[in-house]
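Notes for the one structure printed next.
All of the numbers you see were taken from the coordinates with simple rules; none came from a lab. Treat the numbers as computed from the prediction; the structure is a model and nothing was measured. Methodologically, a virtual Cβ is constructed for each residue, glycine included, from the backbone with ideal geometry; neighbour enumeration extends over all protein chains shown.
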Number of protein chains: 2
Amino acid sequence: MDVLTITMNPALDREIIIPHFQLNTLHRVFEREKLISDPGGKGINVSMMLSKLNDTPSIAMGFLGGYTGRIISEELRKRYPNVTLNFIHIDGESRENISILDEINHYITEINAPGPVVQEPDLLHFMKLFNTVVSRTKITVISGSVPVGVPLDTYSILSEKAKESGNKVYLEARGQLLTNTVKKCCPEVVRPDMRSTNKIMGKEVESLNEYMEVGKEIVSYGAELVIISYKFKHDLIFTPEGAWILTIEQGELDESHLLGTGDAYVAAMIHDYLTTNHSLLERAKYGMAAAMAKTTYLKKEMPSLSDIEKNLDNIKIEKLD
Amino acid sequence: MDVLTITMNPALDREIIIPHFQLNTLHRVFEREKLISDPGGKGINVSMMLSKLNDTPSIAMGFLGGYTGRIISEELRKRYPNVTLNFIHIDGESRENISILDEINHYITEINAPGPVVQEPDLLHFMKLFNTVVSRTKITVISGSVPVGVPLDTYSILSEKAKESGNKVYLEARGQLLTNTVKKCCPEVVRPDMRSTNKIMGKEVESLNEYMEVGKEIVSYGAELVIISYKFKHDLIFTPEGAWILTIEQGELDESHLLGTGDAYVAAMIHDYLTTNHSLLERAKYGMAAAMAKTTYLKKEMPSLSDIEKNLDNIKIEKLD
C-alpha cells in the first residue's frame with residue numbers, strides 16, 4: 001500500500017433535502033433519497049477519491065468514536081473496500097455535520113456537532129500505530145483539523161516520522177497546525193486550507209505580493225511544492241525553482257460546488273505522482289484540473305480521469321518569479 | 001414478565017438545542033449536552049416509563065432497521081436493562097425525528113425522517129414471535145402508527161391473539177388502525193390518540209355530545225375502559241357502567257410540555273393495574289394524574305410515584321351519564 005491518509009477528526013456528512021425549509025415547522029421527509037450520509041473529513045475524502053479515481057488503495061488512520069464513528073467506518077468498508085481502515089476507536093461521538101438543503105430558496109442551513117475529546121492514551125496508541133504503518137507507505141497525506149485533546153504540534157511530529165520513513169508528506173491545513181508543521185518539519189507538498197481564513201503562517205494575505213511572500217517563505221522551510229488558492233480562479237504555485245500563476249481560462253466555476261475541491265486536488269496530484277514522471281508544475285496543474293472538474297458536481301465526488309484530462313487545456317500557466 | 005409493548009415503527013428522537021436558530025446559516029454546537037438522543041415510539045415510551053416508574057420489567061417488540069435501529073436498541077439496553085428487546089431487525093432505516101429547539105425564540109423546527117418498509121416475510125416473522133411472547137404475558141400495549149408494508153388491520157389481529165392468550169389489551173392509536181381494531185376485536189382499554197386529528201372512529205368530534213357518542217360506541221364494541229382527551233384540561237371516561245368527565249382543577253398545564261403525556265398515562269394505568277385493586281375510574285384518574293405530572297417536564301420523562309400521588313387531589317370527577 002503506497003498511500004496513508006490521516007484524518008484526526010472524521011465526520012459523518014449528512015444532507016437532508018427539504019424544499020421550503022422553514023423555522024418553527026414540522027417537515028416530514030418521505031423519500032429516503034432525500035437523506036444522504038457520507039463519511040467525511042479531509043483525509044478520508046482523499047482516500048475515497050483515490051479509490052474512485054483509479055482504484056488506488058490507501059490506508060486511512062485517525063480517531064473514530066461512538067455511533068457516528070461506527071457509521072463512518074461501516075460505510076467506508078461497504079462502499080470503499082480498498083480503503084484499509086486503521087482508526088483508533090475512542091470514547092465520545094465523532095462529528096456529525098448536518099446540511100439542510102433547500103434547493104427552492106437556495107438555502108443551506110448547517111448544524112455541525114462537536115467531535116470527541118481525545119485522551120492522552122488514545123493519542124499514544126495512535127502514534128504507535130502510525131509509526132508502524134508509515135514504515136510501509138510512500139506517501140502520507142495529513143489533512144484537516146484536529147479534535148480537542150490533540151496538541152497543535154502533532155502534525156509536525158507526524159511529518160517528521162513520515163519523512164524519516166521515506167514518505168513524501170502532503171499537508172493541507174490551516175492556522176497554527178499549518179504554521180507549526182511548516183516551521184518544525186516542512187512537508188514536501190503544502191496546500192494551505194483557505195476555506196475559512198485569509199491568514200497563512202500567521203499573516204493576513206490580500207495582495208498578490210503578500211501571497212508571493214508567504215509562498216516563498218514556506219518553500220524556504222523546505223517544501224518542494226506549495227499551492228495556494230488565489231482569488232477563486234487562480235492557483236499560485238511555488239517550488240524552489242520559482243513561482244507561477246495558474247489561471248482557469250474557460251469553463252464556468254460554480255462557487256456553490258466547492259465542497260471537496262481541495263481533496264480532489266490532493267487525490268489527483270497523488271494519482272499523478274504514482275503513475276507519471278510529471279514535473280511538480282505539471283502535477284499541480286493536474287490537481288487544479290481535477291478540482292475544476294469536481295466543481296461540476298454539487299456534492300464532493302471525484303471526477304473521472306477523462307474529466308480531468310479535458311480540463312487540462314483550460315488552464316493557463318504564467319511564470320511570476 | 002407481565003407486560004408486552006408493541007412499537008411497530010420505533011424512532012430515534014433527537015433534540016438539538018440551538019439558540020437563535022436561523023435559515024441559511026452554519027450553526028456550530030460545541031457542547032455534547034446540547035445534542036440529546038432518546039429511543040422513541042409510543043410502545044417503547046411505555047416500556048421506558050414503566051421501568052422508571054417502579055422498575056417494572058417489560059418486553060418490547062416491533063421492527064428496527066439500520067443504523068438508527070441499532071442506536072435505539074443499544075440505548076435501550078444500556079439505559080433500560082429491564083426492558084427485554086424482542087425486535088425484528090429488518091432492512092432500511094428506523095425513523096429519526098430531529099427537533100431543533102430554539103429556546104430564545106421558542107421555536108421548534110422539526111425534521112421527521114421516513115421509516116423502513118416492512119416486507120411480508122418480516123411481518124410473518126413478527127407474528128410468529130408475537131404469538132410465542134404473548135402467551136407468557138398479562139398485558140399487551142399496542143400503541144402508535146405502523147410503518148409502510150404493515151396492513152391497517154394488523155392491530156386487530158394482534159388484539160385478537162393477545163385476548164385469546166388471556167392478555168388485557170391497551171390500545172392507543174388513531175385513524176383506520178383504531179377503527180379497525182375496535183370494530184374487529186375491541187381491546188379492553190382504548191385511548192384514541194388525538195395528537196394530530198379531531199376524528200375518532202371516522203367521525204369528527206367537536207361538541208361534548210359528539211365525544212359522548214363515540215365513547216359509548218367504542219364501549220359497545222366491548223371496551224372496558226375508554227379514555228378520550230377533551231379540550232386539554234379534561235378526560236372523558238367511558239365504561240359499561242357509564243360516563244364521567246375528569247377535570248384538572250388546580251395547577252398550570254404547559255401546553256408545550258405534552259410530549260409523552262399519553263404514554264405516561266398508559267404506563268401509570270398499567271402500574272396501577274399491576275399493584276392495586278382500583279376501579280376502572282380510579283385507574284383512569286391515576287393515569288390522568290401521571291399525565292398531568294408529566295407536563296412539569298419539557299421532555300418525555302416519567303414522573304415519580306409521589307408526583308403522581310400529589311396530582312390525584314387536583315382532579316375532579318363528575319358523572320355525565
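Please report the Cα spread of region B:7-50 along all three principal axes, rounded to whole Å, starting with the longest.
Largest first, region B:7-50 extends 38, 20, 12 Å along its Cα principal axes.
Quick query: amide H of A:I90 versus all other amide H atoms, modeled in the peptide plane; which residues come in under 5 Å with a sequence gap of 5 or more or a different chain?
Answer set, sorted by chain and number: A:L64, A:G65, A:G66.
Calculated from DSSP H runs of 4 or more alone, at -39500 (n - 2.57) each and per residue, what is the 222 nm mean residue ellipticity of chain B, nearest 500?
Values: 9 runs with 115 residues, N = 321.
For chain B, the value works out to -11500 deg cm²/dmol.
7 Å along Cα→Cβ for the label point: how many nanometres lie between B:E249 and each equivalent label in the other copies, listed shortest first?
Copy-to-copy label distances for B:E249: 9.0 nm.
Give me the base-10 log of I(q)/I(0) for the protein assembly as shown at each q in 0.12 Å⁻¹, Debye formula, one uniform scatterer per Cα, rounded to two decimals.
Taken in order of the listed q values, log10 I(q)/I(0) reads -1.14.
Given a Förster distance of 25 Å, report the FRET efficiency between B:K34 and B:N82 from their Cβ-Cβ distance, rounded to the nearest 0.05.
That gives a FRET efficiency of 0.30.
Using all Cα-Cα distances in region A:116-217, what percent lands in each 5 angstrom bin from 0 up to the longest?
3, 13, 22, 22, 19, 11, 7, 3, 1
Quick one: Debye curve from the alpha-carbon atoms of region B:135-182 only, equal weights, vacuum; give me log10 I(q)/I(0) at q = 0.32 Å⁻¹ to two decimals.
Rounded to two decimals, the profile gives -1.22.
Compute the projected area of the convex hull of the Cα atoms of region B:188-288, averaged over all viewing directions, and report it in nm² to one decimal place.
Approximately 6.6 nm², given one-decimal rounding.
Can you compute the FRET efficiency between A:H89 and A:S135 using 1/(1 + (r/R0)^6), with r the Cβ-Cβ distance and R0 = 22 Å? Round to the nearest 0.05.
Once rounded, the FRET efficiency stands at 0.45.
Shape call for region B:100-143 from the C-alpha gyration tensor, a ≥ b ≥ c root eigenvalues: rounded (a/c under 1.5), prolate (a/b greater than b/c) or oblate? Please list the in-between numbers first.
Values: a/c = 7.36, a/b = 2.12, b/c = 3.47.
Oblate, because a/c is 1.5 or more while a/b does not exceed b/c.
Could you give the alpha-carbon Rg of region B:173-236 over 2.2 N^0.38 Å, rounded to two decimals?
Cα Rg divided by the expected 2.2 N^0.38 Å: 0.99.
Ranked by Cβ crowding within 10 angstrom, fewest neighbours first, how are A:V226, A:V46, A:V29 ordered?
On the way: A:V226 28, A:V46 33, A:V29 17.
Ordered by Cβ neighbours within 10 Å, fewest first: A:V29, A:V226, A:V46.
Amide H to amide H, which residues 5 or more places from B:A11 or on other chains are under 5 Å from it, using H placed in the peptide plane?
B:G40, B:G41
Please figure out what share of the DSSP beta bridges in chain A is antiparallel and state it in percent, rounded to the nearest 5.
45 percent
I want to verify a result. In a Gaussian network model of chain B, Cα cutoff 10 Å, which of these has the top mean-square fluctuation: B:E204, B:E33, B:E74?
Highest fluctuation of the listed residues: B:E33.
Based on alpha-carbon positions alone, could you give the equivalent ellipsoid semi-axes of region B:1-106 from the gyration tensor, as √(5λ), descending, whole Å?
Equivalent ellipsoid of region B:1-106: 29, 16, 11 Å, largest first.
In debye, nearest 20, what is the charge dipole magnitude of region B:169-269 about its Cα centre with +1 on Lys and Arg Cβ and -1 on Asp and Glu Cβ, if you could check?
Its charge dipole is roughly 420 debye.
Among B:I17, B:I142, B:I88, which one shows the highest mean-square fluctuation when chain B is modelled as a Gaussian network with alpha-carbon springs under 10 Å?
Maximum fluctuation in the GNM of chain B, among the listed residues, is at B:I17.
Farthest toward the dipole's positive end in chain A, which of A:N198, A:G287, A:G41, given Cβ charges of +1 (Lys, Arg) and -1 (Asp, Glu) about the Cα centre?
Of the candidates, A:G41 comes out farthest on the positive side.
Limiting things to C-alpha atoms, what are the Rg and the maximum Cα-Cα separation (Dmax) for chain B, in angstroms?
Cα-based Rg and Dmax for chain B come out at 19.2, 59 Å.
Check A:Q22: other-chain or 5+ apart residues with amide H under 5 Å from its amide H, H built from backbone geometry?
Sorted by chain and number, the residues that satisfy this come to none at all.
In which sequence would B:S145, B:S304 go, from the one with the fewest C-beta neighbours within 10 Å to the one with the most? Present the calculation step by step, with values, prior to reporting the outcome.
Working: B:S145 18, B:S304 14.
Ranked by crowding around the Cβ, least crowded first: B:S304, B:S145.
Sticking with the crude label model, points 7 Å out along Cα→Cβ, report the distance from B:L26 to B:E282 in nm, one decimal please.
Result for the modelled spin labels: 6.2 nm.
Taking 7 Å along the Cα-to-C-beta vector as the label spot, tell me the B:L320-B:S196 distance in nanometres, rounded to one decimal.
Those two pseudo-labels are separated by 2.6 nm.
Hand me the tally of lysine pairs in region A:99-235: alpha carbons under 21 angstrom apart, and the pair either on different chains or 8 or more positions apart.
Qualifying lysine pairs in region A:99-235: 29.
How much FRET efficiency would the formula 1/(1 + (r/R0)^6) give for B:S304 and A:F232, where r is the Cβ-Cβ distance and R0 is 51 Å, rounded to 0.05?
The pair B:S304/A:F232 has a calculated efficiency of 0.25.
Suppose every Lys and Arg Cβ carries +1 and every Asp and Glu Cβ carries -1, with no other charges. What dipole size does chain A come out with about its Cα centre, to the nearest 20 debye?
Dipole about the Cα centre, nearest 20: 600 debye.
All other residues with a Cβ under 10 Å from the Cβ of A:T181 taken together, and with Lys, Arg as +1 and Asp, Glu as -1, what is their net charge?
Surrounding charge for A:T181 is 0.
If we count other beta carbons within 10 Å of each Cβ, what is the order of A:S94, B:S165, fewest first?
Listed from fewest to most nearby Cβ atoms, that is B:S165, A:S94.
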